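Asker: After the C-alpha cells below, expect a handful of questions from me.
The values are calculated or read from the model by the stated rules, or taken from the named source; none is laboratory data. Note that the coordinates shown come from a computational prediction; the quantities given were computed from them, not determined experimentally. Cβ: placed from backbone, ideal geometry, glycine included. Neighbour counts: every protein chain shown.
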Amino acid sequence: MSRTAFITIAGRTNAGKSSLLNAIVGEKIASVSSKPQTTRTRITGIRNIDDVQLVFFDTPGLHKPVNKLSEHMLDTVRESVSDIDAVIFMADCTKKINESELKLLKSLNDSKMPVILVLNKIDLLKNMDEIAPVIADFTSKIKFHAVIPVSIKENNGIDIVIDEIIKLSSESVHYFPDDMITDQPEKVLAGEMIREKLLELLQDEVPHGIAVGVEEMKERDDKDILDISAVIYCEKESHKGIIIGKGGSMLKKASTAARIELEDFFQIKVNLKCWVKVKEDWRNREGLIRSFGLSDK
Ligand SMILES: Nc1nc2c(ncn2[C@@H]2O[C@H](COP(=O)(O)OP(=O)(O)OP(=O)(O)O)[C@@H](O)[C@H]2O)c(=O)[nH]1
Ligand SMILES: [Mg+2]
C-alpha cells in the first residue's frame, strides 16, 4: 500500500522556507531572494521516495500586514495550516522569536498538529553551542514533535527533515502523478523567475510592488526556441523608470539573468521579451490582486 503525507512549511519571512522546498523537490520551483516577502502564494512541491508521496506547501512569510496583498498572503498561511499531517515551522536560528511567530506557534499548539521546528541557517553560527539557548527559547513556548537544526545553504540536515516527515505519512493513494513536482503552471513559474531577478536587483519599495504576467509562452514550430513575452507591472511611473534603468540597462540585466534560468529549467533556448506597465497602487486593489493570481477571493 502506498503512503502519503501533506506538510505545510510556515514561518517568518526570509527564514528559508522556499529554499527548503526547492532542496527537497530537487528543482527550483519557488523563488528565493534575500528580500522579505518573496513568496506571495501557496506553492505545492511534491517528492516521491519509494512508496511514499510527500506533498509540501510553501507559504508566504509571517510579517506585519502593510496592504491588502499582505492580508491575502497571511490568510494563505492560516488556511494552509489546517487539514494537513504536519507543519514544518521554519525559523532563522540567528533571530529572536517575534510576535507573529509566537502567534502562529500558539495556534498550532491549540490545533494539536505535529509541529516540527526546523532551525535554519546554522552555517551563520560561530559555534554550535549557540544553538542550545535558541532551542530552549522555542521549546519553552510550545511542545514540538521534533527539533532539527539545518543549513539549507550547506545541504546539512535536510535528510533528517525528510526522514521525520516520512514517519508521519499514512496509508493512502497518491494524489499526484509520480513525475509531477509542482502544481504551478509553466507560465507562473516563468513569471516568478523574472520577478525573482527583479527582487534581487532593485531596492526599497520598488521590487515589492512588482507583479509579472506571462502573456505568451510558445515553442516555435520550425526551431527549438521558446518565445516568452512578459509584462512587468509596477505601482508608479517613477518605479517604471527605475525598472527600465538608464538606456534600458536594468531591464536588460534582469531579463538576461531570467533568460539564463528559464533556459536551464525548460532545457530549451529562450527568447524573452519584457514590457513594463504601471498599475497604480495595485497591492491595495482587490480586482488587480485577483487578476495577478494572488488571491482567489
Ligand atoms: N546563510 C544562509 N542563508 C540561507 C539559508 N537558507 C536560505 N538562505 C537565504 O535566506 C534568504 C531567504 O530565503 P528564502 O528561501 O527566500 O526564504 P523564505 O522563508 O521563503 O522567505 P519569504 O518567501 O519571504 O517568506 C535567501 O537569500 C536565501 O539564500 C541557509 O541555510 N544559510
Ligand atoms: Mg519564500
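Asker: In the list Ala132, Ala91, which residue meets the criterion of being modelled with pLDDT of 95 or more, among the hydrophobic types (A, V, I, L, M, F, W, C) and surrounded by fewer than 14 Cβ atoms within 10 Å (Cβ to Cβ)? Please lay out each step first, then the result.
Answerer: Numbers: Ala91 fails: surrounded by fewer than 14 Cβ atoms within 10 Å (Cβ to Cβ).
Just one listed residue meets the conditions, Ala132.
Asker: Quick one: which residue in Thr76, Thr39, Thr4 is within 8 Å of ligand 1 (Cβ to nearest atom) and buried (at least 18 other Cβ atoms within 10 Å of the Cβ)? Give the derivation first.
Answerer: Numbers: Thr76 fails: within 8 Å of ligand 1 (Cβ to nearest atom); Thr4 fails: within 8 Å of ligand 1 (Cβ to nearest atom).
Answer to the selection: Thr39.
Asker: Within the stretch 7-23, work out how many residues are within 12 Å of ligand 1 (Cβ to nearest atom) and touching a residue at least 60 places away in the same chain (Cβ under 8 Å).
Answerer: First, pick out the residues of the stretch 7-23 that are within 12 Å of ligand 1 (Cβ to nearest atom): 9-23.
Checking the rest, the ones that are also touching a residue at least 60 places away in the same chain (Cβ under 8 Å) come to 9-12, 14-17, 19-20, 23.
Result for the stretch 7-23: 11.
Asker: Another question, if that's okay. Only one of (1) surrounded by 18 or more Cβ atoms within 10 Å (Cβ to Cβ); (2) over 18 Å from the mean Cα position of the chain (by Cα) fails for Ile97. Which number is that?
Answerer: Only one criterion in (1) surrounded by 18 or more Cβ atoms within 10 Å (Cβ to Cβ); (2) over 18 Å from the mean Cα position of the chain (by Cα) is unmet by Ile97, namely (1).
Asker: Go through the stretch 73-86 and report how many residues are under 23 Å from Glu280 (Cα atoms) and either more than 15 Å from the chain's Cα centre (by Cα) or β-branched (Val, Ile, Thr) (or both). Walk me through how you get there before you give the answer.
Answerer: Start the filter on the stretch 73-86 by keeping residues that are under 23 Å from Glu280 (Cα atoms), which leaves 73-74.
The next check asks that each one be either more than 15 Å from the chain's Cα centre (by Cα) or β-branched (Val, Ile, Thr) (or both); those that pass are none.
Of the residues in that region, 0 qualify.
Asker: Based on this model, can you work out whether Thr44 counts as under 22 Å from the mean Cα position of the chain (by Cα) and either within 16 Å of Ala10 (Cα to Cα) or modelled with pLDDT under 95 (or both)?
Answerer: So Thr44 passes the test.
Asker: Of the conditions (1) surrounded by fewer than 18 Cβ atoms within 10 Å (Cβ to Cβ); (2) more than 29 Å from Glu280 (Cα to Cα); (3) polar (S, T, N, Q), Asn67 satisfies every one except a single condition; which number is it?
Answerer: Asn67 satisfies all of (1) surrounded by fewer than 18 Cβ atoms within 10 Å (Cβ to Cβ); (2) more than 29 Å from Glu280 (Cα to Cα); (3) polar (S, T, N, Q) except (2).
Asker: Here are some conditions: (1) more than 18 Å from the chain's Cα centre (by Cα); (2) crowded, with 22+ Cβ neighbours inside 10 Å. Ile194 meets all but one. Which one does it not meet?
Answerer: Of everything listed in (1) more than 18 Å from the chain's Cα centre (by Cα); (2) crowded, with 22+ Cβ neighbours inside 10 Å, Ile194 misses just condition (1).
Asker: Sticking with this structure for a sec: Looking only at the stretch 1-55, filter to residues that are within 12 Å of ligand 2 (Cβ to nearest atom) and part of a strand (DSSP E or B); which one of those is farthest from His174 (Cα to Cα)?
Answerer: Restricting to residues being within 12 Å of ligand 2 (Cβ to nearest atom) and part of a strand (DSSP E or B), the top hit is Arg12.
Asker: If you don't mind, there's one more thing I want to ask. With (1) in contact (Cβ under 8 Å) with a residue 40 or more places away in the chain; (2) at positive phi as the list, and Met193 as the residue in question, which single condition is left unmet?
Answerer: (2)
Asker: Could you list, in sequence order, all residues of the stretch 217-249 that are within 16 Å of Met193 (Cα to Cα) and outside any strand (DSSP E or B)? Walk me through it before giving the result.
Answerer: Quick first cut of the stretch 217-249, residues within 16 Å of Met193 (Cα to Cα) only: 217, 226-233, 243.
Listed by number, the list holds a single entry, Ile243.
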